[in-house]
Ligand code: UT7
């Protein structure tokens, strides 16, 4: 029996209307535009208004992905949402988005893998499609980190933004050349204390703010992402020169540049949005994919490598032929 391939047929995204520049943050915080730019590459971030919840933004991104694929709600039989900032503990954000889209059948669930959530979601969707469990899957990353930041902590609050991105994936029985080629996901709970949210429903006495040891996370990111991209290429007997585009998780320009160099890619083969979006966690890769597909950089036939590392630690990579 041959297994269907998971092809990305549509990409969509949503960014809140409100833009907050580095200069605006520097008015209330002991920081500066030049520090943020030089250390991270970030110049601004989008911050959600009250109505722009994780569900609202995720549903908007999903609608745009379905439109791009020329598909309606009846084509969707599974929704996987990567988020660590859901509106409610339950129902899952995926089920809320299912309701918002008017999808009335199939299944929907959330994945919690912090900034690696989209790679995890894609990996699960691909495995379920190959197994024949579903044929039209929305994988959505939607995050509202502005609600879990300590806005007095300059070491973290300048780094993140809000937004959502989505892909619509169809099972493809005929064209084995296109689609998700492989995914590789990892976790190592020994490093849970270098990037986490302090408390939640079970620990309401805690601050419920994001805490990060930036230097340690940086160190792990460079090493583990290098391993994840090497693993993706080796598993498929491919080399650096086969890659058309790197679409990395957008945490820090310096990490992204290090990965591009390691892969011997020209700077114009690396999709960058961190300058305008900051770090939108699980939403950052589909947001960047949407930008590069819509502006015509990523074309049918191109080989795209995605990679991410986040709290957990969790990390992973995927190779996709568009
Ligand atoms: O998406 C999940 C994965 N996350 C990441 O991959 C993030 C990885 N880490 C990073 O991107 C970087 O470590 C940061 C951008 C978070 C920090 O950059 P850094 O070059 O590692 O700076 P640092 O933390 O070593 O801090 C250097 C200095 C410190 O001052 P002292 O101790 O040298 O006097 C900080 O207090 O910069 C200070 N600092 C700031 N100064 C102005 C920290 N934040 C700020 C700020 N404005 N916003």
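Listed values, structure above:
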| quantity | calculated |
| --- | --- |
| Cα extents of the stretch 149-212 along the three principal axes, largest first (Å) | 54, 27, 23 |
| Full-extension gain in nm, residue 100 to residue 219, via 0.36 nm per residue minus C-alpha separation | 38.8 nm |
| Relative exposure of 128, 212, 27, judged by other C-beta atoms within 10 Å (fewest first) | 27, 212, 128 |
| Kirkwood hydrodynamic radius (C-alpha pairs) into Stokes-Einstein, the stretch 181-294, 20 °C and 1.002 mPa s, D in µm²/s | 135 |
| Calculated SAXS-style log₁₀ I(q)/I(0) at q = 0.20, 0.23 Å⁻¹ - the stretch 52-91, Debye, Cα scatterers | -0.68, -0.84 |
| When the stretch 249-322 is reduced to its Cα atoms, the Kirkwood hydrodynamic radius in Å | 12.8 |
| P(r), alpha carbons of the stretch 23-81 - 5 Å bins starting at zero, rounded % | 4, 14, 16, 14, 10, 13, 11, 9, 7, 4, 0 |
| Spacing of the two label points (7 Å from each Cα toward its C-beta) at residue 190 and residue 204, in nm | 3.7 |
| Highest to lowest packing among 236-242, 63-69, scored as the average C-beta count within 10 Å | 63-69, 236-242 |
| Virtual paramagnetic centre 7 Å along Cα→Cβ of residue 238, amide N under 20 Å, in the stretch 213-232 | 224-232 |
| Evaluated over the stretch 1-111, the Cα radius of gyration and Dmax, each in Å | 18.1, 62 |
| Using a Förster distance of 41 Å, the FRET efficiency for residue 275-residue 74 (Cβ separation, nearest 0.05) | 0.60 |
| Between the stretch 68-139 and the stretch 1-60, the alpha-carbon center distance in angstrom | 20 |
| Calculated P(r) of the stretch 77-151 - Cα pairs past 22 Å, % | 22 |
| Span from the the stretch 143-216 Cα centroid across to the the stretch 247-322 one, whole angstrom | 15 |
| Highest-first arrangement of 216-225, 132-141, where packing means the average Cβ count within 10 Å | 132-141, 216-225 |
| Among 284-292, 270-278, 17-25, the order from most to least packed when residues are scored by Cβ within 10 Å on average | 284-292, 270-278, 17-25 |
| Cα-based convex hull, the stretch 108-250, per residue volume (Å³, whole number) | 150 |
| Tail weight of P(r) past 24 Å, computed on alpha-carbon pairs of the chain, percent | 49 |
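Values in this text are rule-based calculations from the coordinates and carry no lab data. In this text, all values refer to a predicted model and were calculated from it rather than measured experimentally. Because the Cβ atoms are built from the backbone with ideal geometry, glycine has one as well, and the counts that use them run over all protein chains shown.
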